[in-house]
Amino acid sequence: MKSIFHVFFLFFLTNLSSQNISVKYTNIYDLSVPMTRESRIIINPITLSVVYHEDFNSTKRIGKNGNEESNAAIASVKRSLDKYFVTDSDCKRFLYDDFALKNYKVADNHPFTDWDISEESKLIAGFRAYKATSEFRGRKWIVWFTPDIPFPYGPWKFCGLPGLILEAHDAEKQWTYVAKEINLNSKDQIMIPDDKLFTKVSIKEFVTLKDEFHTNFLNSVDQDEREAVMVEKRNLRVGIESKFEWE
């Protein structure tokens, strides 16, 4: 099976020009304020690297009728610095992000592991995709990947399968990614930010910084204010990752 995959990969690679592979996704976040966001990955088939970009200014609230709409309630998530992930063929990645008015380049080498691949399949954007599951940092993930595009990448931090991930969601369906446009011969590029503007830290340092910031904030307000903002000290992490490998 592996040798067949390698032969197909070499055939796929030799039939590509120097163009990139571009995939646009719709991200759906079913959180306290349901919203959508556009994202994109650009794969370089020669260097086997990928840049993933989340466009924060594309964020829209999902109304009660299910339609997307602009809303001041999500203005806080719209900002000048988007998120960028740069990943190599070994699934080592850097995250470009900001927090507390400071820019960080975060090294994160912990990959998705122990993928369980099933024979279940379905068509997504015209490609035959297969189901795979894994657990990663506090969440169980269900993804659909296509060997027809034999690159081990996907949106966010997904990596390590024998094909591009076209769809992914966690078990609770709070976080969903769906490919909506695939271009196998794209001239598009994603320009990542200038490293000189970022402080380099490890993922552990970045998470510790955020945890300490939230703890200090909670300690600075009284009980009534704490309840007013609906934040509990025992649940500091409300994002996509809730538990890390060093804990």
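Say the cut-off is 26 Å between C-alpha atoms; which of K131/K204; K180/K204; K60/K204; K122/K173 go over it?
From K131/K204; K180/K204; K60/K204; K122/K173, over 26 Å: K131/K204; K180/K204; K60/K204.
Let's test the formula: R0 of 41 Å, r as the Cβ-Cβ distance of A171 and Q19. What FRET efficiency results, to the nearest 0.05?
0.65
How far apart, in nm, are two points set 7 Å out from the Cα along the Cα-to-Cβ line at S242 and at L123?
For the pair S242/L123, the computed spacing is 3.7 nm.
Could you tell me which of A132, F99, W115 has its Cα farthest along the dipole of region 94-133 towards the positive end, charges placed at Cβ (Lys, Arg +1; Asp, Glu -1), taken about the Cα centre?
Going by the Cα projections, it comes out as F99.
If I ignore ligands, DNA and RNA and count only protein heavy atoms, how much of H53 is accessible to a 1.4 Å probe, in Å² to the nearest 10?
30
Tell me, what is the FRET efficiency for K60 and S89 to the nearest 0.05, using R0 = 41 angstrom and their Cβ-Cβ distance as r?
0.75
Could you please state, rounded to a whole Å, how far the C-alpha centre of region 131-174 is from the C-alpha centre of region 88-114?
Result: 17 Å between the Cα centres.
Please work out how much length the chain gains when fully extended from D116 to N185, using 0.36 nm per residue of separation minus the C-alpha to C-alpha distance, in nm with one decimal.
Full extension from D116 to N185 adds 21.8 nm.
Gain in length, K204 to L31, computed as 0.36 nm per residue apart minus the alpha-carbon separation, to one decimal in nm?
Full extension of this stretch gives 59.8 nm more.
Quick check: with the 1.4 Å probe, what order do K64, K157, K92 take by accessible area, largest first?
So the residues, ranked largest to smallest area, are K64, K92, K157.
Compare F127, F145 by solvent-accessible area with a 1.4 Å probe and give them largest first, with all protein chains kept in place.
Sorted descending by solvent-accessible area, the residues read F127, F145.
The values are calculated or read from the model by the stated rules, or taken from the named source; none is laboratory data. Here the structure is a predicted model, which means the values were calculated and not measured. Heads up, the Cβs are rebuilt from the backbone with ideal geometry, glycines too, and the neighbour counts pull from every protein chain shown. All accessible areas refer to the heavy atoms of the entire protein, side chains included, with ligands and DNA or RNA removed. Shrake-Rupley method; radii C 1.70, N 1.55, O 1.52, S 1.80 Å.
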